[in-house]
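**Student:** Pasting in a structure now, in structure tokens, and then I'll have a few things to ask.
The values are calculated or read from the model by the stated rules, or taken from the named source; none is laboratory data. None of these values were measured; they are calculated from a predicted model. Please note: Cβ atoms are built from the backbone with ideal geometry, for glycine as well, and neighbour counts cover all protein chains shown.
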Amino acid sequence: MLAGAVALLTLAGCVSVAHGADDGASGAHGAHGTPSAPAVVVPAQGSGGGGDPSRRDDSVAAGGSSWMRAAGVFSPPGSFVPSDALTYDTRLVPAGARVEITEFTDPSGTRVEARLQGLPPGHAYGMHVHTSPCGADPAAAGPHYQHRPAASADPVNEVWLDFRADEDGDGYAEARHAWGFREGGARSVIIHDRQGGAGERAACFTVPFGPRERA
């Protein structure tokens, strides 16, 4: 509850895209006033797969703002222990690597953050929000989510989270937009083997993006 409330108060309202810590991307996050309604913890949303025991979801809604965090551990499709975080290329995203996606929303827009651990040090990855949940077939996640469908494929109209793993195998990226997700329109993040607007799909994580219940 406390972490969610703090997260809501740190939501920034400007429109920009930051492509990972290695790009020197950082910035102050403007503080907002105390929400007019008490914060409400929303029960963890169902995983996209078969009951992933490694998955951790949390969300908080207060007034016109909300906060969501989804975390998981990557494993290959068909593993004995099911996972909503799937790796299709264990050289680039090893089994056991971890991912955490956080979404902050308020009337001024949306901020999405990605944190990863356990990756090959120094590799540059692309990451985008996609339209469908992950599946055993990398194509199951569908195309990039677009704010204006069939418009430009770029970091302004889509959510790009490119990053480079540091010497410890950790990665971080952040994207900010003045718009929010359509309900049910954004369902996963795909990690690509290289940065930019395309690339082979190395891994996928099902994430419950979008509007959520508010107090």
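**Student:** Can you tell me how many residues within the stretch 136-164 are more than 17 Å from the chain's Cα centre (by Cα), in a loop (DSSP other than H, G, I, E, B), within 16 Å of residue 190 (Cβ to Cβ) and among the small types (Gly, Ala, Ser)?
**Tutor:** Residues in the stretch 136-164 being more than 17 Å from the chain's Cα centre (by Cα), in a loop (DSSP other than H, G, I, E, B), within 16 Å of residue 190 (Cβ to Cβ) and among the small types (Gly, Ala, Ser): 2 in total.
**Student:** Could you grab me the full set of residues in the stretch 88-112 that are of a type outside the set (D, E, K, R) and over 21 Å from residue 122 (Cβ atoms)?
**Tutor:** Initial filter on the stretch 88-112 (of a type outside the set (D, E, K, R)): 88, 90, 92-97, 99, 101-102, 104-105, 107-110, 112.
Answer for the stretch 88-112, where residues must be of a type outside the set (D, E, K, R) and over 21 Å from residue 122 (Cβ atoms): 101, 102, 104, 105, 107, 108, 109, 110, 112.
**Student:** In the stretch 71-95, what residues are free of Cβ contacts under 8 Å to residues at least 60 places away in the same chain and crowded, with 20+ Cβ neighbours inside 10 Å?
**Tutor:** Of everything in the stretch 71-95, those that are free of Cβ contacts under 8 Å to residues at least 60 places away in the same chain and crowded, with 20+ Cβ neighbours inside 10 Å turn out to be 73, 75, 83.
**Student:** For residue 213, are the conditions met, namely being at pLDDT 95 or above and among the acidic types (Asp, Glu)?
**Tutor:** Details: at pLDDT 95 or above: no; among the acidic types (Asp, Glu): yes.
The answer is no for residue 213.
**Student:** On the basis of being among the polar types (S, T, N, Q) and surrounded by fewer than 20 Cβ atoms within 10 Å (Cβ to Cβ), does residue 65 make the cut?
**Tutor:** So residue 65 does not fit the description; no.
**Student:** Quick check on residue 160: is it of a type in the set (Phe, Trp, Tyr), in contact with a His (Cβ under 7 Å, 6 or more places away or on another chain) and surrounded by 17 or more Cβ atoms within 10 Å (Cβ to Cβ)?
**Tutor:** So residue 160 passes the test.
**Student:** I'd like the full set of residues that are closer than 21 Å to residue 169 by Cα and in contact with an Asp or Glu (Cβ under 7 Å, 6 or more places away or on another chain), limited to the stretch 102-118.
**Tutor:** 102, 112, 113, 115, 116, 117
**Student:** Return yes or no: is residue 176 on the phi < 0 side of the Ramachandran plot and modelled with pLDDT under 95?
**Tutor:** No; evaluated as a whole, the condition is false for this residue.
**Student:** Something else now. Starting from residues that are outside any loop (DSSP other than H, G, I, E, B) and not hydrophobic (A, V, I, L, M, F, W, C), keep the ones in the stretch 185-205 and report whichever is surrounded by the most Cβ atoms within 10 Å (Cβ to Cβ).
**Tutor:** Among those residues, the one meeting the criterion is 188.
**Student:** Given the conditions (1) part of a strand (DSSP E or B); (2) farther than 18 Å from residue 209 by Cα; (3) without any contact (Cβ under 8 Å) to a residue 40 or more places away in the chain, which single one is not true for residue 125?
**Tutor:** So the condition that residue 125 fails would be (3).
**Student:** Filter the stretch 66-100 down to the residues that are in a loop (DSSP other than H, G, I, E, B), over 14 Å from residue 138 (Cα atoms) and either of a type in the set (Val, Ile, Thr) or in contact with a helix residue (DSSP H, G or I) (Cβ under 6 Å, 6 or more places away or on another chain) (or both) and list them by number.
**Tutor:** Hit for the stretch 66-100 is 81, nothing else.
**Student:** Among the listed residues 152, 188, identify the single one that is hydroxyl-bearing (Ser, Thr, Tyr) and in contact (Cβ under 8 Å) with a residue 60 or more places away in the chain.
**Tutor:** Answer to the check: 188.
**Student:** Would you say residue 132 is modelled with pLDDT under 95 and at negative phi?
**Tutor:** no
**Student:** Also: Within the set of pairs 6+ apart or on separate chains, which have a first residue in the stretch 197-212 that is hydroxyl-bearing (Ser, Thr, Tyr), a second that is part of a loop (DSSP other than H, G, I, E, B), and C-beta atoms under 8 Å apart?
**Tutor:** 206/47; 206/48; 206/49; 206/84; 206/133; 206/134; 206/187
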